[in-house]
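Data first, discussion second: the structure below is written as structure tokens.
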Amino acid sequence: MNIVTLENLTEKLKYAPSPILEKIWEYADALLEKSSSNFVLSDEQKKHLKKQNNVPLEDCTDANAVYKQLVEKHEL
């Protein structure tokens, strides 16, 4: 297996199309992000979401639970 260096990575991605580079950028952000974050919706965000799809908040899935499932399923 080759050792991954910034130079090797740059060379490999030199001619990659923008959509691929964007996905890689987002993936790198996700890997480097803190593993736990306490995200709370503001009242304005809750009103917007409720108006957007007209679903009661108690029927919505907790974002942390969804994130945990994604981490387990996709080994993020």
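The values are calculated or read from the model by the stated rules, or taken from the named source; none is laboratory data. The structure displayed is predicted, hence computed values, not measured ones. Using ideal geometry, Cβ is built from the backbone for each residue, glycine included, and neighbour counts are taken over all protein chains shown. Heavy atoms of the whole protein, side chains included, go into the accessibility calculation; ligands, DNA and RNA do not. Shrake-Rupley method; radii C 1.70, N 1.55, O 1.52, S 1.80 Å.
Membrane-span-like helices in the chain, defined here as complete DSSP H runs extending at least 20 Å along the helix axis by their C-alpha atoms with mean Kyte-Doolittle hydropathy no lower than -1.0, are 18-32; this is a sequence and geometry rule, not a statement about a membrane. Counting Lys and Arg as +1 and Asp and Glu as -1 over every other residue whose Cβ lies under 15 Å from the Cβ of residue 65, the net charge comes to -2. When all protein chains stay in place and ligands, DNA and RNA are ignored, the 1.4 Å accessible-area order of 9, 41, largest first, is 9, 41. If I ignore ligands, DNA and RNA and count only protein heavy atoms, how much of residue 66 is accessible to a 1.4 Å probe, in Å² to the nearest 10? Solvent-accessible area, nearest 10 Å²: 60 Å².
Average accessible surface for the chain: 102 Å² per residue, computed with a 1.4 Å probe over protein heavy atoms with every protein chain in place.
If Lys and Arg each add +1 and Asp and Glu each add -1, what is the summed charge of the other residues whose beta carbon sits under 13 Å from the beta carbon of residue 50?
Local net charge: -1.
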